[in-house]
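Colleague: Encoded as structure tokens, here's the structure I'll be asking about.
All of the numbers you see were taken from the coordinates with simple rules; none came from a lab. Here the structure is a predicted model, which means the values were calculated and not measured. Cβ placement follows ideal geometry from the backbone for every residue including glycine, while neighbour counts extend to all protein chains displayed.
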Amino acid sequence: MAEWLSALFKSGFLETLTSWTGALSGFLWGNLLTLGLLLGTGVYLTVRMGLIQVRGFRHSVALIRGKYSDPEHVGEVSHFQALSTALSATVGTGNIAGVATAIALGGPGALFWMWVTAVIGMATKFAECTLSLRFRQVDPNGEIAGGPMYTLLNGLKMRRTALAFAFFALIASFGIGNMVQANSVVSGISFLFPALRESAELRQDVALGVGIGMALLVGLVIIGGIKRIARVASTLVPFMAVLYTAAALIVLGQHLADIPAAFGTIFNHALNVWAVGGAAVGEAIRWGVARGLFSNEAGLGSSPIAHAAARTNEPVREGLVAMMEPFIDTLVICTMTGLVIVVTGVWVDRPDELTSAALTAAAFSHTLGTSGAWVVGIGLMLFAFSTMIAWSYYGDRSARFLFGERAVLPYRVVFTLLVVLGAWGPLELVWNIADITNLLMALPNLLSLILLAGVVQKLSRDYFSRPHTPTRQ
């Protein structure tokens, strides 16, 4: 079996397909029109919702803390569990590898444009998750189904477009939500044990064993559905975020005097065309916006599927909870990664091969020594595992929408088996397909956001016009 797979991966057909899909993915994500559409929708929603990122921030924190929870409301999980599930999907390899790639290819200024996408993306998350609650479906047994496909179907009566979104989300779940993440776990282990980086044969043997182990762990979690996924995510996400952030703060503490200069470098490379040149600023915008959107997934339509299960009868409440995702994912965790890379100076005169997670590992190791590689390795493993369990839920809701309840269990079995293949195989082709399907998911979702912005605005005005008494202090 392994020999057959090796031959298949090395075949000329797959090389050609990888080249074609890579070109298409590069065109779609590197196209200013595409990035402008994603970012422009966020700007439109920011204005339309009256800067909801600012005026709703404190209330959002109170909701996450459970101050306005009501056990009598419809739903399967709490606000915090829904947020944790969505964050477990967005806080992933992009926070380690994506930030490093943005800085390596776009310079330190890319981090500033990641911040911009996060602030604007908060309004996008608010709108898409508010709509997801407004148009979700609740079965007689209390099981929830929601997301952009139900918004398109129930809110706009666009069945074919809803089916298209669900199909692309299903395919994306096998790529960016599964095989890519499984391979990232193996990459994380390779940072802990350098011998795996030196021997391709040993890496494949270890990857196969790791893949089988991960498949068992993922299967045990996802077989329990959203409630078990939410319980695991609400424990794992805070732990891994605090662990990674704490390590980053230790590095930054050792370079405290360099932090002001680091911010100066970031702003200079992001905005000062006279100092670094127009082309450099352009690359910073391109890579910062692209990696920022890829990291926090604002506008892609994935997170609303998780938030639809929240226990609330107030759609706006879950929208407010959801808008904290880009804040936590990009403004906190990605910023930690970016600042560590800039203050340690590893981005300057770096070797060409020092990109992605390797650049982040080099930055942490610069101060923490071999412990730095452990931080990146463990971070990659935890982030990737959490992404897999969350994306499995996105995929099984999409399978249910397309084929009915009978498709959910077979989907979970296939998803679990593909973890093994993802850990073992080379995944450039899968990365390309994942990037393409992610963007194809976004287009129907953005259409619904633009056409139903008035509904979100009306729901928001109604919610904030009423008094809300905390259920507990």
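Colleague: Kindly list the residues of segment 373-403 that lie in the label zone of A246, defined by a backbone N under 15 Å from the point 7 Å along the Cα-to-C-beta vector.
Modeller: 375-376, 378-379
Colleague: Dipole magnitude of the chain about its Cα centre, charges +1 at Lys/Arg Cβ and -1 at Asp/Glu Cβ only, in debye to the nearest 20? Don't skip to the end; give the middle numbers.
Modeller: Working: 30 positive and 26 negative charges, 328 e Å.
The dipole magnitude comes to about 1580 debye.
Colleague: Moving on. Per residue, how big is the convex hull of segment 180-293 when only Cα atoms are used? Give it in Å³.
Modeller: 174
Colleague: Return the aspartates and glutamates within reach of K458: Cα separation strictly under 16 angstrom, same-chain partners fewer than 8 residues apart disregarded; answer none if there are no such residues.
Modeller: E128, E314, E318
Colleague: Let me ask something else. If I stretch the segment between L24 and L192 completely, what's the gain in nm (0.36 nm per residue apart, minus their alpha carbon distance), one decimal?
Modeller: Full extension of this stretch gives 57.1 nm more.
Colleague: Let me ask something additional. Sort 73-82, 231-240, 50-59 for me by packing, meaning the mean count of neighbouring Cβ atoms within 10 Å per residue, highest on top.
Modeller: So the peptides 73-82, 231-240, 50-59, ranked by packing, come out 73-82, 231-240, 50-59.
Colleague: Would you please state the base-10 log of I(q)/I(0) at q = 0.11 1/Å for the chain, with intensities from the Debye formula using one equal scatterer on every alpha carbon?
Modeller: For the requested q values the scattering log ratios are -0.86.
Colleague: Please list the non-local residues whose amide H lies under 5 Å from the amide H of M158, H modeled 1.01 Å from N, same-chain partners needing a gap of 5 or more.
Modeller: Amide H neighbours of M158: L153.
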